[in-house]
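Please find one structure pasted underneath; my questions will follow.
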Amino acid sequence: MNGFIEKKDDEHNKKNKKLFLTERGEQVYPFIKREHDYSNTVASEEFYESEAETLFNLLTRVGKNVEKDWEYVKKEDNDDCTRFVY
């Protein structure tokens, strides 16, 4: 992939892939984690705790909605475009 992650077949289900950090990935992980934590702190510094919790809950729901749609897209038998009709 990019030298940070190694993709391996799942021994129980060949359709699935498992992702593992390479040695290079292990080396940069602490830096990426620090940057991630800093970005989250900066992004939420003006929020009250209750607002941050609400935002987290809303974004979690958005993620679940997108995940459901992505599962549909990944299916091989979805040639129709009816999901785009509102």
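The values are calculated or read from the model by the stated rules, or taken from the named source; none is laboratory data. Since this is a predicted model, take the numbers as computed values, not measurements. So basically every Cβ, Gly included, is an ideal-geometry build from the backbone, and we count neighbours across all protein chains shown.
Just need a number here: residues in the stretch 8-26 that are of a type outside the set (A, V, I, L, M) and farther than 17 Å from Lys74 by Cβ.
11
A further question follows. Restricting to the stretch 35-86, and then to whatever is outside any helix (DSSP H, G or I) and surrounded by 10 or more Cβ atoms within 10 Å (Cβ to Cβ), can you tell me which residue is modelled with the lowest pLDDT?
This residue is Asn78.
Residue by residue through the stretch 2-17, note down the ones that are on the phi < 0 side of the Ramachandran plot and either assigned to a loop (DSSP other than H, G, I, E, B) or touching a residue at least 24 places away in the same chain (Cβ under 8 Å) (or both).
Asn2, Phe4, Asp10, Glu11, His12, Asn13, Lys14, Lys15, Asn16
Same structure again: For Phe20, are the conditions met, namely being assigned to a helix (DSSP H, G or I) and out of contact with any Leu (no Cβ under 9 Å at 6 or more places or on another chain)? Let's see the steps before the verdict.
Values: assigned to a helix (DSSP H, G or I): no; out of contact with any Leu (no Cβ under 9 Å at 6 or more places or on another chain): yes.
So Phe20 does not fit the description; no.
Among the numbered criteria (1) surrounded by 10 or more Cβ atoms within 10 Å (Cβ to Cβ); (2) part of a loop (DSSP other than H, G, I, E, B); (3) not polar (S, T, N, Q), which one does Tyr29 miss?
Status for Tyr29: all satisfied but (2).
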